[in-house]
Amino acid sequence: MTKSFSLSVADVSKSFGPTRAVIDVSLDFRAGEIHGLIGENGSGKSTLLSMIAGIHTRDKGQMFKGGQPYDPVSPAHANEQGVSMVVQELGLVDGLTVAENIFLGKTDQFANRGVINLRKMHRAAEEAFAAWGISQVPLDVFASSLTVEEKKLVELVRALSTDPDVLILDEITAAFSHNNRTALYKLLAKLKAQGKLILFVSHNLPEALQLCDRLTVLKDGEKVDTLDSKGLTEDELKRLMVGREIKETYFYTPAKNENAEPVLVADGITVDGVLHNVSFELRRGEVLGLGGLSDSGIHELGKVLFGLTRADQGQVIFADTGERIDSLRKAINSGIAYVPKDRDTEALMVRATIEDNLCLPSVDAFVGPLGFLSPRKRKKFAGEQLEAFEIKASGIRQAVNQLSGGNRQKVSLASWLSRPNKIIILDSPTRGVDVGITANIYKLIAEVKQQGIGIILISDELPELIGCSDRILIMKNGAVARIFERAEGFSENSIVEVMI
Amino acid sequence: MGDTHPMLQRFGKRRMQQVLVLAGLLLVFLIIHFATNFRFLTGRNMGIIVSHAVIPTFITWGLIFSFTSGMIDLSIGSIVVLASNFAGILGLKFGYVGLILGGLVAGVLLQALNGFVFLKTKIPPWVAGLGMAMIYESIGAVYSTAAVRSGGMVVSLGSQLRGLGQLPFNVLMLVPGLIAVYILFCRTSIGLNVRAVGSDLRVTKEMGIDPNRAKFLSMLVCGVFIGLGSAINQSYVGQLLPRTGLTTVSTIFQPLTAVLIASSMGAIFNVVIGVVIGTISLSALFNALTLLGVPSGTWQEVVLGMLVIAVTIVSMRGEEGVVK
């Protein structure tokens, strides 16, 4: 460790029960660099960063900052020493306003004889949003009313409000749409120019290669290598991460019948203030991509199609039976599956076991001859899914909240994709998922499509939409802006033009 | 990163919603006025309604601190009995200063004891609160028995110190109370930390806040308002007889309903104001039922029970699985 490094960790280890999350990792980070940490889900990235941010204490090893021993006992303590982190999970208090969240634990600066000057606090929050070029979220609204993306923006402002010299961003871009992602890149370049160190985690390898100066690859809690990103290729990174070649990216195969009959019809769907007269058809055996900016309504549309949100006008028709899908029960009975974007609050029962989560959507399949659930069938099914989706866990009885973010996503996907489906709605399925399993998901999408199942792929990742879809429906301000056909040739520029 | 947020538009809506709620309340009051043969909206009756709302308002203000931090304490009613009697004893010796200080000291000390027990034992507060209620009720009974044995009775103010519990002074107490609770709950780090702890313990801890300290402080602040409510209560009733058999637990239902009303209007009114609207509405409801000849102790409680369910449904609207 030399003083030229702004932050160093030496032989750091951390275990959670029998799981060794980080094993003897040593790393040197430089001031004024964007340093990427990449690796498969469960490789130890978040745990390592959590130790640096004071969320977890290490079992072994040392850390140094500016040449001095660095030993944060809490995130607040790390903040005081110039280290801020935006965690992978949601990190806001829902019952507090945006402004209160930004300065929670630091309100003394606005207090006069113990009474907080709200005007001063709001002004400081406004200044923080403006200083970093982040679109302002209303300061008086409760965090509970914000979208995941807005929450992440607030968390980012909160992290920046302490003016850190080390900023840790754990998969923040997974929650961002195209526009906010672009703005974040500019912000990071600005911070880098100011000599700040940015530790950046992303499963988006092109993004990591483009943004980071150096990349450290972790695998199974151990450091594989630290490399300059210049000249490094995506394939090399994948090989280091997974330990094998991953050649195919999207596994795209053309739809068997481009003029197949529709399996789902959306007819003039309107949700006041969110969606306006949205109409389209999903054909049997095709992947229809849904893309758009953060306020485009793509995620809300997914909920309407699955009967989670009721449309104020218009209807969703399951073409096989002509039934109108206006409730969750009808959607599930019709063979529609939905994997939501927000895995912790919408997709999973995080305190329940992996087995319970995997089995719940398919519970009818486990009913024995006397009408009781068969523990043997459940166990067998859960075990198979655990293996098929490569979920890193101690077993099917492990609680979901003990898994890494990526492995939780795998549980969410597995629980729905393992059912006999006719339509699958996937909202950001590869969000927070490593390259290995991302490839598996793309392969699965291609295979499922060949079975004649209609797939709606909602994504903020344009390359993913382009790579997987037969058609791409771009939404803008809650309305359909344009539908691109693969036959016309997808062009990223022309799609972005329509989005903006 | 984008343009002006659409949620900014909601602020204009909020003012409109406030006007609509108040107008709706006025409309209901007018209907009751006609139904009660023009006996409801009279100056005297309004005074009675607001006057009856004062003590539940102070208790509810206290509850919003302890309940928000997750300390659901069912011993509040028994604390009110002990604090009222202690306020009466000190009041007879030191006048109004003694009355208020007595209520405050008893309220804060008993809530501090509860906080200590809840946090140290880690027993769910509502369970531990029931145990504490039995203990406090028994202490009250021992005091009552001892007073009778010595040839007297539990403290009675007679005609002394009754001004604080009567119009206009009891209603005037609402003003400093409202200001104090608003500042404490909304404008100090104590209130902020209490709200944070109750909403998300993990994130709050990560922000460097000691959750146990925040919870304990919430109990102390709750004790202050319970104590003040008890002092006003003693002045209003003159004498409060201790009760046993967990009968004091039912005292909490009216303030609890007010908390639920305040929560259900959380998006429209600040919760501190919502509490005042809630307690006055409840007081008005019971007043109207009495004027309409609905017997208290039976049908009035049925109405309260139905109201608790109705308000809970409204306050939980939007949550999965709840009746819309």
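The values are calculated or read from the model by the stated rules, or taken from the named source; none is laboratory data. Bear in mind that the values here come from a model prediction, so they are computed numbers and not experimental data. Cβ coordinates were reconstructed from backbone atoms using ideal geometry, including for glycine residues, and neighbour counts include every protein chain displayed. The area values use the complete protein model at the heavy-atom level, side chains included, leaving out ligands, DNA and RNA. Shrake-Rupley method; radii C 1.70, N 1.55, O 1.52, S 1.80 Å.
Numerical summary
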{"read-out": "Yes/no for B:PHE185 being within 14 Å of chain A (Cβ to nearest Cβ), open to solvent by less than 40 Å² (accessible area, probe 1.4 Å), of a type outside the set (Ser, Thr, Tyr) and within 24 Å of the chain's Cα centre (by Cα)", "value": "yes"}
{"read-out": "Top-ranked residue in the stretch B:211-254 [being in contact with a Ser or Thr (Cβ under 9 Å, 6 or more places away or on another chain) and within 14 Å of another protein chain (Cβ to nearest Cβ); ranked as surrounded by the fewest Cβ atoms within 10 Å (Cβ to Cβ)]", "value": "B:PRO211"}
{"read-out": "Residue that is most open to solvent (accessible area, probe 1.4 Å) [pool: residues in the stretch A:101-120 that are over 14 Å from A:THR162 (Cβ atoms) and outside any helix (DSSP H, G or I)]", "value": "A:ARG113"}
{"read-out": "Candidates A:ILE23, A:ILE55, filtered to the one that is among the aliphatic types (A, V, I, L, M), in contact (Cβ under 8 Å) with a residue 12 or more places away in the chain and either assigned to a strand (DSSP E or B) or over 19 Å from A:TYR70 (Cβ atoms) (or both)", "value": "A:ILE23"}
{"read-out": "Candidate set: the stretch A:275-290, residues that are in contact with a Gly (Cβ under 8 Å, 6 or more places away or on another chain), assigned to a strand (DSSP E or B) and open to solvent by 10 Å² or more (accessible area, probe 1.4 Å); chosen: the one farthest from A:THR309 (Cα to Cα)", "value": "A:ARG283"}
{"read-out": "Checklist (1) crowded, with 22+ Cβ neighbours inside 10 Å; (2) under 26 Å from B:ARG213 (Cα atoms); (3) out of contact with any Cys (no Cβ under 6 Å at 6 or more places or on another chain) applied to B:GLU137, failing item", "value": "(2)"}
{"read-out": "All positions within the stretch A:70-96 that are open to solvent by less than 30 Å² (accessible area, probe 1.4 Å), of a type outside the set (Gly, Ala, Ser) and either away from every other protein chain (no Cβ under 11 Å) or not in a loop (DSSP other than H, G, I, E, B) (or both)", "value": "A:TYR70, A:PRO75, A:VAL83, A:VAL86, A:GLN88"}
{"read-out": "Filtered residue count, the stretch A:308-323, keeping only those that are closer than 21 Å to A:GLU346 by Cβ and either of a type in the set (S, T, N, Q) or surrounded by 14 or more Cβ atoms within 10 Å (Cβ to Cβ) (or both)", "value": "4"}
{"read-out": "Sole exception among (1) outside any strand (DSSP E or B); (2) open to solvent by less than 10 Å² (accessible area, probe 1.4 Å) for A:TYR338, by number", "value": "(1)"}
{"read-out": "Candidates A:SER46, A:SER50, filtered to the one that is in contact with an Asp or Glu (Cβ under 8 Å, 6 or more places away or on another chain) and hydroxyl-bearing (Ser, Thr, Tyr)", "value": "A:SER46"}
{"read-out": "Qualifying residue in the stretch B:96-109 (condition: within 16 Å of the chain's Cα centre (by Cα), under 24 Å from B:ILE261 (Cα atoms), open to solvent by 10 Å² or more (accessible area, probe 1.4 Å) and aliphatic (A, V, I, L, M))", "value": "no"}
{"read-out": "Single residue of the stretch B:140-182 satisfying the filter (open to solvent by 20 Å² or more (accessible area, probe 1.4 Å) and within 14 Å of chain A (Cβ to nearest Cβ)) that is farthest from B:ILE277 (Cα to Cα)", "value": "B:ALA180"}
{"read-out": "Test result for B:PHE116, open to solvent by 80 Å² or more (accessible area, probe 1.4 Å), without any contact (Cβ under 8 Å) to a residue 60 or more places away in the chain and touching a helix residue (DSSP H, G or I) at 6+ places or on another chain (Cβ under 8 Å)", "value": "no"}
{"read-out": "A:LYS330 vs. criteria crowded, with 23+ Cβ neighbours inside 10 Å, away from chain B (no Cβ under 14 Å) and in contact (Cβ under 8 Å) with a residue 12 or more places away in the chain", "value": "no"}
{"read-out": "Subset of the stretch A:465-486 (residues that are buried (at least 23 other Cβ atoms within 10 Å of the Cβ) and assigned to a helix (DSSP H, G or I))", "value": "A:LEU465, A:CYS468"}
{"read-out": "Selection count where residues are open to solvent by less than 50 Å² (accessible area, probe 1.4 Å), modelled with pLDDT of 80 or more and part of a helix (DSSP H, G or I), scope the stretch B:291-304", "value": "3"}
{"read-out": "Close pairs (6 angstrom Cβ cut-off, 6 or more residues apart or separate chains): in a helix (DSSP H, G or I) in the stretch B:25-54, open to solvent by 70 Å² or more (accessible area, probe 1.4 Å) anywhere", "value": "B:GLY47/B:LEU167; B:SER51/B:LEU167"}
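To keep it simple, each residue is scored yes or no on (1) under 30 Å from A:GLN315 (Cα atoms); (2) at pLDDT below 90; (3) part of a loop (DSSP other than H, G, I, E, B).
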{"site": "A:ASP356", "(1), (2), (3)": "no, no, no"}
{"site": "A:VAL363", "(1), (2), (3)": "yes, yes, no"}
{"site": "A:LEU370", "(1), (2), (3)": "no, yes, yes"}
{"site": "A:LYS380", "(1), (2), (3)": "no, no, no"}
{"site": "A:LEU386", "(1), (2), (3)": "no, no, no"}
{"site": "A:LYS392", "(1), (2), (3)": "no, yes, yes"}
{"site": "A:ILE396", "(1), (2), (3)": "no, no, yes"}
